[in-house]
Every structure is written in C-alpha cells, then in structure tokens.
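Read through the structure below, which is laid out as structure tokens, and then see the notes.
Every number here is computed from the coordinates shown, using simple stated rules; none is lab data. Computed from a predicted model, the values in this text were never measured in an experiment. Backbone-built Cβ (ideal geometry, glycine too); neighbour counts: all protein chains shown.
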Amino acid sequence: MVRPVPPVAPILDEINAEHGEKITFLKMNVDENPVTPSSYRVTGIPTINVYRGGEVVKSIVGAKPKAALLKELADFI
C-alpha cells in the first residue's frame, strides 16, 4: 500500500520552527514566477534548493515526508 505524502509547505514550516537559526526557507509560486525556476533548471514541483554563497549546493525534488527531508537537510541544519 502506498501512503500519501503530506503537503510540503507545512513540513517546511515545522522544520523552520525547529531549525530556523541554521536554515531559511523561501517559497515561490512557480505559476506567478516562471522565469526564476527555469533559470535554476527546476524539473519538478516541489523542488527545494539549498544555497551557500549564492550557489545551489543541493537540490531535493519531489514531496517527501518530514523524516526524509530532515535526512536530506542534515548537513545544513
């Protein structure tokens, strides 16, 4: 049985509340801002790009549960 993945925005809000001193989340509506995602080669929605020094250092594509996102973001939080 496949379990549905919850929406990503509330999960990111939780991670921000827990780790906001180490990482900042910014959200963008790709329908209202189509140029920016294409310039970063976003291939799927949702996409989480992690930046350091203005450069993308990690890209996470697709909806994932909180535990999976925390594992993916472990090096940054």
### Task
Could you please give the count of residues in segment 24-68 that are among the aliphatic types (A, V, I, L, M) and either more than 13 Å from Ile11 (Cβ to Cβ) or touching a residue at least 60 places away in the same chain (Cβ under 8 Å) (or both)?
10
### Query
Among the residues of segment 20-37 satisfying the criterion of being among the β-branched types (Val, Ile, Thr) and surrounded by 10 or more Cβ atoms within 10 Å (Cβ to Cβ), which is nearest to Val50 (Cα to Cα)?
Ile23
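The rows are residues; the columns are (1) among the aromatic types (Phe, Trp, Tyr); (2) within 9 Å of the chain's Cα centre (by Cα); (3) within 15 Å of Lys22 (Cα to Cα).
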residue: Lys58; (1), (2), (3): no, no, no
residue: Val61; (1), (2), (3): no, yes, no
residue: Lys66; (1), (2), (3): no, no, no
residue: Glu72; (1), (2), (3): no, no, yes
### Query
Would you pick out the residues in segment 38-76 that are surrounded by 10 or more Cβ atoms within 10 Å (Cβ to Cβ), among the hydrophobic types (A, V, I, L, M, F, W, C) and part of a loop (DSSP other than H, G, I, E, B)?
Val42, Ile45, Ala63, Leu73, Phe76
